[in-house]
Amino acid sequence: MFNQLSDRILSSLKNVRGQARITEKNIEDTLKEIRLSLLEADVNFKVVKSFINNVKEKALGQDVMDNINAGQQLVKIVHDELVQVLGGDTEELVVRGNPGVIFLVGLQGTGKTTTAAKLAFHIRKKYKKRPGLIPADVYRPAAIDQLVTVAKQNDLPVFHSDPTDKPEQILEKAKKWAADEMIDVVLVDTAGRLQIDEDLMGELKRLKQIWEPKETLLVADAMLGQQSVNVAEGFHNTLGLSGLILTKVDGDARGGAALSIRQTTGVPIKFLGVGEKVTALEVFHPDRLASRILDMGDVLSLVEKAQEVIDEKKAKQAAMKMAKNKFTMDDFLEQIQMMKKLGGMESLLKMMPGMGQLSKQMKKMTPPDKEMKKIEAIIHSMTMQERSNHKILNGSRRLRIAHGSGTQVQDVNKFVKQFEEAQKMMSKMMKMGLGRGGGRGGRGGFPGLPF
């Protein structure tokens, strides 16, 4: 997420590290590089100009403390300004009402239909409310079927719209359905177009008159940069948006849309789409994203994510086994599966302060998905006795495991060696205080994580 922009800004800030004080001379080149980085990231030029001026004014003004390292102070100033550019405070989703009504609007190809299902899943999980999906896109082939399919896969209530009806008729019929199904929050997936036109806006205005929404959320493609900002302005000027959902953020290395859209339109970003799965929707926290961009970590998001997917009892048991060097291949398999749920080692490292650059080196060291699947197949081909005591794995056992997992004996040998090395490393980490015996009164370093 925004890797290219993050690398450029961090590289620019290195110029002032080690300086005793911030002066106009020693930050001029740094600010020039940051300005160029932002412009290349397709950030709106007015936003860039305002950002650079504010940073310079604060860096050279009374906000600077004499006893703080110049590099650290400038990083803090840049961080605070990034937070403001991104919107300042986190904006909550409005789900009140009987039912609460949310319209999802946008152009075609932004991932609006998938986002509708993601948002419904989020509402059910976070607010403990019963969401209901209403497909109202009768123009795109199979748009209704797509939403119905995704809803069924995730056990989400969905209205079976008739594709021969007009969107206005669908909404009128859906009102009775929502009441009968005791829906708390309705999500309307409206039709998109290839570009903003009068027909689209006219239809959306009529739909708003039929069922007044508490939220009108624009779903915009983050990878389109300044083009997404222009789309947001067009929709906001006509409909009055209450928020934005930026999709495909996981593939956006630049971040131009995220850094421009709030300042340019005044509309807050409420969510980020970070993948294809129904769970891949993150609440937008300006301060946390600013910290990630500057490699200051995002421990709060890491802990929240961990608490969602990790069984705390199992995590404590795993930590105790690591400390006693009784970590088995079954435990190793559980850790692999947990890591996959959390997004992988690289994703975890990016959320830890100062570890963003290390994550790039880890990417080369971490086995790719194909290799991880191979390891899972090897472990699944072992007996329970072999998993709990890998030392009994002689030549004939290893040959059987290779045949059972569709791999070579060399692959099994390689994995056993990797496991033994991992076992030693985990034991050392526990003894160094990163686990049960470490800091904070003998508890693990991160709540919900086995380290």
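May I ask you to derive the FRET efficiency for LYS125 and GLU181 from their Cβ-Cβ distance with R0 = 22 Å, giving the value to the nearest 0.05?
0.70
For segment 100-296, the normalised intensity computed at q = 0.07, 0.16, 0.17, 0.18 Å⁻¹ comes to -0.18, -0.99, -1.12, -1.26 (log10 of I(q)/I(0), Debye sum over alpha carbons, equal scatterers, no solvent). In this simple spin-label approximation, MET384 and GLN108 carry label points 7 Å from Cα along the Cα→Cβ vector, and these lie 5.6 nm apart. For segment 172-273, the set of GluC sites (Glu not before Pro) satisfying both a DSSP loop assignment and a count of at most 16 other C-beta atoms within 10 Å is given as GLU181.
Using θ = phi - 60° in the Karplus curve 6.51 cos²θ - 1.76 cosθ + 1.60, the 3J(HN,Hα) couplings for segment 85-94 round to 4, 6, x, x, 9, 6, 9, 6, 6, 8 Hz; x is entered for Gly and Pro. Taking the convex hull of the alpha carbon positions in segment 176-243 and averaging its projected area over all directions gives 5.3 nm². Here the Karplus relation 6.51 cos²θ - 1.76 cosθ + 1.60, evaluated at θ = phi - 60°, turns the backbone of segment 98-109 into coupling constants of 9, x, x, 10, 10, 9, 9, 10, x, 7, 5, x Hz, with x for every Gly and Pro.
Sorted largest first, the spans of the alpha carbon positions of segment 171-287 along the three principal axes are 45, 34, 25 Å. The ranking of PHE159, PHE45, PHE51 by Cβ neighbour count inside 10 Å, starting from the fewest, reads PHE45, PHE51, PHE159. Under 5 Å from the amide H of VAL186 lie the amide H atoms of GLY100, VAL101, ILE102, GLY132, each residue being 5 or more positions distant or on a separate chain, with H modelled from the backbone and absent for Pro and chain starts. When the Cα gyration tensor is reduced to axis lengths a ≥ b ≥ c, the ratio a/c is 1.5 or higher for segment 109-205, and with a/b above b/c it is classed as prolate. Phi angles across segment 232-242 convert, under the Karplus curve 6.51 cos²θ - 1.76 cosθ + 1.60 with θ = phi - 60°, into 3J(HN,Hα) values of 4, 4, x, 5, 5, 5, 8, 9, x, 6, 9 Hz, Gly and Pro given as x. Working note: Cα gyration tensor of segment 117-157, eigenvalues times five, square-rooted, sorted largest first, giving semi-axes of 21, 10, 7 Å.
Each value in this text was obtained by applying a stated rule to the coordinates, not by laboratory testing. The structure displayed is predicted, hence computed values, not measured ones. Every residue, glycine as well, gets a Cβ built from its backbone with ideal geometry; the counts of neighbours run over all protein chains shown.
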